[in-house]
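Following: one structure in structure tokens, then a few remarks.
The values are calculated or read from the model by the stated rules, or taken from the named source; none is laboratory data. All values derive from a computational prediction rather than experimental measurement. As a convention, Cβ positions derive from the backbone with ideal geometry for all residues, glycine included, and neighbour counts pool all protein chains shown. The protein model used for the area step is the full one, side chains on, heavy atoms only, and it has no ligands, DNA or RNA in it. Shrake-Rupley method; radii C 1.70, N 1.55, O 1.52, S 1.80 Å.
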Amino acid sequence: MRIAYLFLNGELRGSKKFYLNLIENQKGDIYCADGGANICYKLNLVPKEIYGDLDSIKDEVKEFYQEKNVKFIKFQVEKDYTDSELVLNEIQNKYDVIYCIAGLGGSIDHELTNINLLDKYSNLFFISQREKIFKIDDNYKFNNMVGTKISFVVFSDEIKGLTLQGFKYNIKNLDIKKGEARCISNIITESEAILSIKSGSLLCVIKQN
């Protein structure tokens, strides 16, 4: 499986050890969106490429990565896409999974915009030591996750025929509209928990142990 790690300029939630172990255990290419390079630098990691208008990257970080011959792809400050989108537009078809690190926290407008990217890029996952967030728009199985706290948030205008099996709060053939909070703070109780939907999309938020 082809894996990429994308560092954004949000908060690095959790310990450095968690992220280093993640990248070591599931090897992949590393990319940064502008100020995400500062976080990558703190972890002593060297990215493949750095994208953006480069207005948030620290001088010492920029100089360090230039010495390491990291490729910089610079764009104008006034542009049609965020720095995050600039990277994702280039790499989305090259990888099976893109793990976004430090995409949450910080400025609320940036955080909400980042989460909204999940609707556009189907192979994108936000991951931290606290949570894992991704989009579900088809049937999905959760294996060997008994005791895991999990929430589902309506992402499309409406969900048709939502069924949950293997959860503390099971649901059968439920229709839910955006804004309704019917599927928050559930718990997986079976070794194989199944989610099925007839139409629509959900945000899945898994609380990490």
| query | In this structure, is residue 114 in a helix (DSSP H, G or I) and within 19 Å of residue 52 (Cα to Cα)? | reply | yes
| task | Could you tell me whether residue 19 is within 12 Å of residue 102 (Cα to Cα) and either open to solvent by less than 50 Å² (accessible area, probe 1.4 Å) or not hydrophobic (A, V, I, L, M, F, W, C) (or both)? | result | yes
| field | Candidate set from the range 56-111 (those that are open to solvent by 100 Å² or more (accessible area, probe 1.4 Å) and within 19 Å of residue 133 (Cα to Cα)); member that is modelled with the highest pLDDT | value | 108
| task | Starting from the range 96-107, take each residue that is part of a loop (DSSP other than H, G, I, E, B) and list its partners that are open to solvent by 20 Å² or more (accessible area, probe 1.4 Å) and among the aliphatic types (A, V, I, L, M), counting only C-beta distances under 8 angstrom and pairs at least six apart or across chains. | result | 96/1; 102/12; 103/115; 104/115
| task | For the range 127-150, enumerate the residues that are more than 15 Å from the chain's Cα centre (by Cα) and assigned to a strand (DSSP E or B). | result | 140, 141, 142, 143, 149, 150
| note | If we ask which residues in the range 159-175 are in contact (Cβ under 8 Å) with a residue 12 or more places away in the chain, surrounded by fewer than 13 Cβ atoms within 10 Å (Cβ to Cβ) and either touching a Gly at 6+ places or on another chain (Cβ under 8 Å) or in a strand (DSSP E or B) (or both), their number turns out to be 1
| request: Kindly list the number of the only condition in (1) of a type in the set (Gly, Ala, Ser); (2) over 13 Å from residue 128 (Cβ atoms); (3) modelled with pLDDT under 95 that fails for residue 10. | output: (2)
